[in-house]
Amino acid sequence: MKKLFLFAAVMFSSILFSACSEDDNKENQTSQKLLKQIEKIFRNGTCYYNFSYDDSGRLAKVTINGDHDFCGDYPYTYTDNSVSVKYNDHGYDPWNYDAAFILDHNGYVTEFDINGETRWRYEYENGYVSSKSSNRDRDIVTYRWENGNLMECRQVVENLHDTYTHTYTYTYTDKPNKLNVNLFDGELSYTDSGIFEYNSLFTNFKGSISSNYLASIGNYVDGKLSPYYSCKISYEYDDEGYPTGIVLSYDTGGFVYLRLTYY
């Protein structure tokens, strides 16, 4: 389970994993520019995400340093039917892990394993992730897509005391997403709502990448808007339409600033 740290913030990020055909959804977003670094400035400090790639343009390693709970190296290993990431730099050994994404013959993730145990299984509709189900409890998360963009993430949460529905809604800019990085899933979200989210992992798998840049996130509990994790997102672009600066302004009054550089 992803550790929530810093403050109520929503940001997400992920990197190119699989070798994908341009005929598949979102693979044509793999840009000529590859993300080199994200500098994140937030209330508690500054941290850096540095990205390196193999000769095929796939993510080879992410290195995190600065004000972050999970600093260190995240090397990626590829086989015909899996992508694995090993993190072994944390001083508290239970927070180290071996992650594996199992792929079908078309390159779609079918399950996500941690230390050899299956955590999530995935289903798809029209080429996009439609649901993920937990292998450890009854949790099912559903995803709704329109025009190539993720519009809603919904999860029914059951615990010992009550049951409630947690929903995230999304709006988008009219600019096409040119990034080879999925900024809005996982590491930078702090919400545990990412499709392929886990501690400090970056992913960019088929069927999970929206066509446009995200403009806002709404967080609802049983239909009532919550200020926590809800935010508006604004961008600075270079001449080619790649984001160089991103500001997330949260309904709680906080903000996160991301500075992006490319190879």
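The values are calculated or read from the model by the stated rules, or taken from the named source; none is laboratory data. In this text the structure is predicted, and so the values were computed from the model without any measurement. No Cβ is skipped: glycine too gets one built from the backbone with ideal geometry, and neighbour counts run over all protein chains shown.
Among the conditions (1) over 21 Å from Thr63 (Cα atoms); (2) modelled with pLDDT of 85 or more; (3) among the β-branched types (Val, Ile, Thr); (4) part of a loop (DSSP other than H, G, I, E, B), the only one that Val247 does not satisfy is (4). Annotation note: of Asn147, Asn96, Asn159, Asn126, the sole residue that is farther than 30 Å from Ala215 by Cβ and surrounded by fewer than 16 Cβ atoms within 10 Å (Cβ to Cβ) is Asn159. Just wondering, is there one or more residues in the range 221-228 that are hydroxyl-bearing (Ser, Thr, Tyr) and at pLDDT below 90? Within the range 221-228, one or more residues are hydroxyl-bearing (Ser, Thr, Tyr) and at pLDDT below 90. Taking the range 66-110 as the range and being among the β-branched types (Val, Ile, Thr) and under 19 Å from the mean Cα position of the chain (by Cα) as the test, the residues that pass are Thr77, Val83, Val85, Ile102, Val109, Thr110. Of all residue pairs spaced 6 or more apart or on separate chains, none has beta-carbon atoms under 8 Å together with a first member in the range 34-51 that is free of Cβ contacts under 8 Å to residues at least 60 places away in the same chain and on the phi > 0 side of the Ramachandran plot and a second member that is of a type in the set (S, T, N, Q) and buried (at least 19 other Cβ atoms within 10 Å of the Cβ). Scanning the range 75-93 for residues that are aromatic (Phe, Trp, Tyr) and either in a strand (DSSP E or B) or buried (at least 17 other Cβ atoms within 10 Å of the Cβ) (or both) yields Tyr76, Tyr78, Tyr87. Checking each residue in the range 8-59 for being in a loop (DSSP other than H, G, I, E, B), closer than 21 Å to Ile195 by Cβ and at pLDDT 50 or above picks out only Arg58.
For the range 60-74, the set of residues classified as crowded, with 18+ Cβ neighbours inside 10 Å, in a strand (DSSP E or B) and either of a type outside the set (A, V, I, L, M, F, W, C) or without any contact (Cβ under 8 Å) to a residue 24 or more places away in the chain (or both) consists of Tyr74 only.
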